[in-house]
1. Just to be sure before I move on: is residue 58 open to solvent by 70 Å² or more (accessible area, probe 1.4 Å), more than 19 Å from residue 16 (Cα to Cα) and charged (D, E, K, R) in the structure I sent?
2. For the range 1-27, which residues satisfy the criterion of being surrounded by 14 or more Cβ atoms within 10 Å (Cβ to Cβ) and β-branched (Val, Ile, Thr)?
3. Can you tell me how many residues within the range 65-81 are free of Cβ contacts under 8 Å to residues at least 60 places away in the same chain, under 21 Å from residue 40 (Cβ atoms) and small (Gly, Ala, Ser)?
4. Just to be sure I understand, how many residues within the range 77-97 are open to solvent by 20 Å² or more (accessible area, probe 1.4 Å) and either in a helix (DSSP H, G or I) or over 24 Å from residue 128 (Cβ atoms) (or both)?
5. Taking the range 98-122 on its own, how many of its residues are in contact with a strand residue (DSSP E or B) (Cβ under 8 Å, 6 or more places away or on another chain) and not in a loop (DSSP other than H, G, I, E, B)?
6. So for the range 34-43 (the condition being of a type in the set (A, V, I, L, M) and closer than 23 Å to residue 127 by Cβ), does at least one residue qualify?
7. In the range 23-44, what residues are in contact with a Ser or Thr (Cβ under 7 Å, 6 or more places away or on another chain) and either of a type in the set (Phe, Trp, Tyr) or under 16 Å from residue 97 (Cβ atoms) (or both)?
Amino acid sequence: GTVLAALQPEVDWVISSPALRTRETAELLAKTVPYPKPIQWEESAYLAEAEQWLALIKNAPPDAKHVAIVGHNPGLTDLVAGLVAGSATHLNFNLPTAAIVHLELEIFWWNQIRWGCGQLHLLLPPKLVRKVQES
């Protein structure tokens with residue numbers, strides 16, 4: 001949350017799996033950022049594959065500028081790899097549990113999201129997240 005609170009533009013839409021651990025993470029994120037709107041809880045995000053995440057993100061409100069998603073692997077690893085490299089198989093990549101990723105997407109509207117449209121700006125593995133929290 002502290003890391004994401006410093007990013008611009010501010011998080012203005014949060015979508016999360018409703019599973020207990022992701023729910024706790026999303027609620028902590030919303031409190032820390034701060035995010036005053038209701039979190040978008042999506043049953044279909046529970047253990048969702050990358051294609052499902054892509055479909056969920058396509059439904060972000062048109063006025064949203066910075067979407068935060070909280071979910072599970074391997075779907076999120078495949079989503080990030082696909083957005084950055086065009087396919088989950090084109091990048092030898094693993095997103096550790098509790099990591100933070102920040103992508104910039106080359107889109108104007110959320111429904112234009114597609115494989116290969118992303119640029120990786122930040123990847124913080126859990127060890128570095130803890131160091132940021134401690135400092």
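The values are calculated or read from the model by the stated rules, or taken from the named source; none is laboratory data. Just so you know, these numbers come straight off a predicted model, no measurement behind them. Methodologically, a virtual Cβ is constructed for each residue, glycine included, from the backbone with ideal geometry; neighbour enumeration extends over all protein chains shown. Accessible surface is based on the protein model in full, side chains and every heavy atom, while ligands, DNA and RNA are left aside. Shrake-Rupley method; radii C 1.70, N 1.55, O 1.52, S 1.80 Å.
1. Answer is no for this residue.
2. The answer is 3, 11, 14, 15, 22, 25.
3. So the count comes out to 2.
4. 8
5. Residues that pass the stated criteria total 12.
6. No, the conditions are met nowhere in the range 34-43.
7. 23, 26, 41
Rundown of residues vs (1) in a loop (DSSP other than H, G, I, E, B); (2) at pLDDT below 90; (3) among the hydroxyl-bearing types (Ser, Thr, Tyr); (4) under 12 Å from the mean Cα position of the chain (by Cα), yes/no style:
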| position | (1), (2), (3), (4) |
| --- | --- |
| 7 | yes, yes, no, no |
| 18 | yes, no, no, no |
| 21 | no, no, no, no |
| 27 | no, no, no, no |
| 55 | no, no, no, no |
| 62 | yes, no, no, no |
